[in-house]
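A quick write-up on the structure given underneath.
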């Protein structure tokens with residue numbers, strides 16, 4: 001089991017990275033928690049923000065490949081190889097800022 005902050009993560013215009021976890025600030029407003037605050041290039045922030053999606057896509061893709069290599073019946077598969085590839089492409093697009 002992974003111990004990282006669950007995604008999705010998003011990049012703000014100032015380069016900070018926020019997750020979906022929320023907290024109440026001293027003024028009583030709900031705010032999203034920061035995963036990272038740093039002065040980094042937007043391309044780096046996008047890659048960091050896509051990390052949970054990339055991690056998930058890779059685990060799904062590995063399972064789909066294992067199922068394919070083992071000749072697992074389609075009815076027993078959690079996801080098809082094509083679906084895993086689509087999920088991976090989507091995660092890569094997010095990392096590249098194309099989502």
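Where a number appears in this text, it was derived from the coordinates with a stated rule and is not lab data. These numbers were taken from a predicted model, which means no experiment stands behind them. Using ideal geometry, Cβ is built from the backbone for each residue, glycine included, and neighbour counts are taken over all protein chains shown.
Can you work out which of the residues in the range 56-84 that are surrounded by 15 or more Cβ atoms within 10 Å (Cβ to Cβ) and under 16 Å from the mean Cα position of the chain (by Cα) is nearest to residue 8 (Cα to Cα)?
Only one residue fits best here, namely 56.
Considering 99, 44, 53, which residue is part of a loop (DSSP other than H, G, I, E, B) and under 23 Å from residue 10 (Cβ atoms)?
Values: 44 fails: part of a loop (DSSP other than H, G, I, E, B); 53 fails: part of a loop (DSSP other than H, G, I, E, B).
So the residue among 99, 44, 53 that is part of a loop (DSSP other than H, G, I, E, B) and under 23 Å from residue 10 (Cβ atoms) is 99.
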